[in-house]
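Here the structure comes first, spelled out in structure tokens, and everything after it is commentary.
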Amino acid sequence: MAAASRRISSYTTRSAANDRDAVGRPSSSDDSKNEIWTSMLEGVSSGKRLPEKSVLVLGGTPETQKNFLESLSTDPSSNRKPADRGRSPPIANQFALGYTYQDVLDSDHEDKLARLSLYLLTTPTPAFTPLLKPYLTPRTLPNMLIVILLDWSQPWLWLRQLCEWIRVLRSLVSSLDDESKDVMEENINAWRDRGRGGGGSDNTGSGSSESVALPLGQGEWDEPLGIPLCVVCQNADKIEVLERERGWKEDEFDFIMQYLRTVLLKHGASLVYTMPSAPGSLQTLIHSSLGIKSMLKQKQLKHNVIDRDRVLIPPNWDSWGKIRVIKEGFDVEGVSHAWSEDIQIPTHMQQQSHSNDSSNGHAAADDVTQPDSKPEYEPKNEHTAVSVYEETIRNPERDYALSALNPKHANGIEVPNTDAQAFLASQVQILDSLRIEDEREKNAKDKKKGNAVYISQDDASGVVEEHIGPVQFNMGGIQVNADEMVKRLQDREANRSADIETGPSTPTPTDSKIENERLATFFAGLMNKKGENPAASSPRPSS
């Protein structure tokens, strides 16, 4: 604003000088008019200045970070994004520290309440802390919020990721100057008392009840970071996938919730589950944490611990007693104490933070390009908070890798892997031996059968009859066995072919007698059928 006033002053000075040269005398009325316009412009400029808020978005991937930004801009009452008027800011989060901004609109989407500056970082690398440090100043710290993104597609990595981010943040805070640390202390003291009156977390109580703050409970604000913290668990719709494909039950989901709430209670952090189709109360939680309030509609922030895919834990609401209610037998004290040991800053991170303080900007930029600067979680003992969590919520990829390294198990399912060429060579030998064995069996069968290679017709028909039974059909009201008829025809053809080969045989008297008897029987049957027909047996009238 001082620069703007200087620009306006120089302009008015030049215009007054020109008027003095043109007219030949100073114009006092023009100078007074210029002074009036300068004060009016300065007043309008200061009135239009938007409150600036900052959000550090840590964790996730570039894609999940964009999903978070879309959920943050979605109105929770209507589940729709504000109209894009062609001024959508770009999102630069592919390399190192990313940046974008959002204008927070009122309920009518006309007036701007504040401007959010969002700084995006995906990897918990200590070498990136010099990039964040310039944005943590005594002016920005009171209006800043830290958001750590977790994904329901890999819940077994949550405690490890949280531990790495908390270590990076603690090393970053410890490297700030004394003035910034004093501001953070005042900010955290005010944040602790926020929502601890009789009115609850939404600050709807009376003034007398809000003036008396409730004391801190066990495990609350034991490890403050100096900046408010919010943990967002994205893609809560994957809970059904874990239940269906991994066989998870309510015990696993309750254990995860108890663990998260216990460790976040030590930092005074809030917790929310979101999904792309239903962001829920994400926008209300972020805006209320930053002190952004609508002029038209006061949005209430209400906790939710019943719906497992819409969990919402506001700041300064949780307690050990509420965590124990979820499921009995959970060691809240042990987890809280173990987490305090896990988040201690390692020695190499302390040395790197001191070296970054003593180095200039060019040295810090060189440290960013180091490929091996990402910290690895190294537990100090076997019973740390992270190790206990990962023993219960096991990583299926790690279990698969360990089973491949140790093929000798009691169940005998796993087998050692062999070389591909050795496996194919052994299969060739097996195939050759099987081929030789088949040839021997074929030769033995050919010698045994001789020329009778084919199966006789009777044997084939017997096999078929054994499976499907005799084939019969109705011919003129008489059931005829097709197999028997075929057999008779074959016998007749065989006899005929035999007669042709041996020549015609002379009929004997016995054969003639038998043939005559057959003919007499046949005609007698015909006469009996005619006698049974009254129309045929009645005499025909004479003409």
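The values are calculated or read from the model by the stated rules, or taken from the named source; none is laboratory data. Since we're looking at a predicted model, the values are computed, not measured. Methodologically, a virtual Cβ is constructed for each residue, glycine included, from the backbone with ideal geometry; neighbour enumeration extends over all protein chains shown.
Scan region 229-247 and give yes if some residue there is at pLDDT 95 or above and of a type in the set (Val, Ile, Thr), otherwise no.
Yes: one or more hits.
Looking at region 480-492, I want the residues that are surrounded by 12 or more Cβ atoms within 10 Å (Cβ to Cβ) and have a partner that is in a helix (DSSP H, G or I) with Cβ atoms under 8 Å, at least 6 apart or on another chain. Which pairs are those?
Between residues of region 480-492 that are surrounded by 12 or more Cβ atoms within 10 Å (Cβ to Cβ) and residues that are in a helix (DSSP H, G or I), the close pairs are Asp483/Ser461; Asp483/Glu465; Gln490/Gln457.
So for region 267-276 (the condition being out of contact with any strand residue (DSSP E or B) (no Cβ under 8 Å at 6 or more places or on another chain) and at pLDDT 90 or above), does at least one residue qualify?
no
Show the residue pairs that are 6+ apart or on different chains and have beta-carbon atoms under 8 Å apart, the first residue being within region 178-193 and among the basic types (Lys, Arg), the second being crowded, with 17+ Cβ neighbours inside 10 Å and part of a helix (DSSP H, G or I).
Close Cβ pairs (under 8 Å, with a partner that is crowded, with 17+ Cβ neighbours inside 10 Å and part of a helix (DSSP H, G or I)) amount to Lys181/Val173.
With the structure loaded, tell me whether Ile313 is within 26 Å of Asp111 (Cα to Cα) and either at pLDDT 90 or above or crowded, with 16+ Cβ neighbours inside 10 Å (or both) or whether it fails that test. It would help to see each step written out before you state the result.
On the way: within 26 Å of Asp111 (Cα to Cα): no; either at pLDDT 90 or above or crowded, with 16+ Cβ neighbours inside 10 Å (or both): yes.
No.
So which residues in region 87-101 are outside any strand (DSSP E or B) and either surrounded by 13 or more Cβ atoms within 10 Å (Cβ to Cβ) or in contact with a helix residue (DSSP H, G or I) (Cβ under 9 Å, 6 or more places away or on another chain) (or both), if there are any at all? Steps first, answer last, please.
So the first thing to find is which residues in region 87-101 are outside any strand (DSSP E or B), and the list is 87-91, 93-97.
Ile91, Asn93, Gln94, Ala96, Leu97, listed by residue number.
Taking the criterion of being among the polar types (S, T, N, Q), under 34 Å from the mean Cα position of the chain (by Cα) and at pLDDT 90 or above, would at least one residue in region 189-203 satisfy it? Lay out the reasoning, then the answer.
Kept after step one, since they are among the polar types (S, T, N, Q), are these residues of region 189-203: 189, 201, 203.
This time we only want the ones that are under 34 Å from the mean Cα position of the chain (by Cα), so: 201.
Pick out the ones that are also at pLDDT 90 or above and you get none.
No, there is no match, as no residue in region 189-203 is among the polar types (S, T, N, Q), under 34 Å from the mean Cα position of the chain (by Cα) and at pLDDT 90 or above.
How about region 272-301: which of its residues are of a type in the set (Lys, Arg) and over 14 Å from Ala114 (Cβ atoms)?
First pass over region 272-301, keeping only residues of a type in the set (Lys, Arg): 293, 297, 299.
Listed by number, the residues that qualify are Lys297, Lys299.
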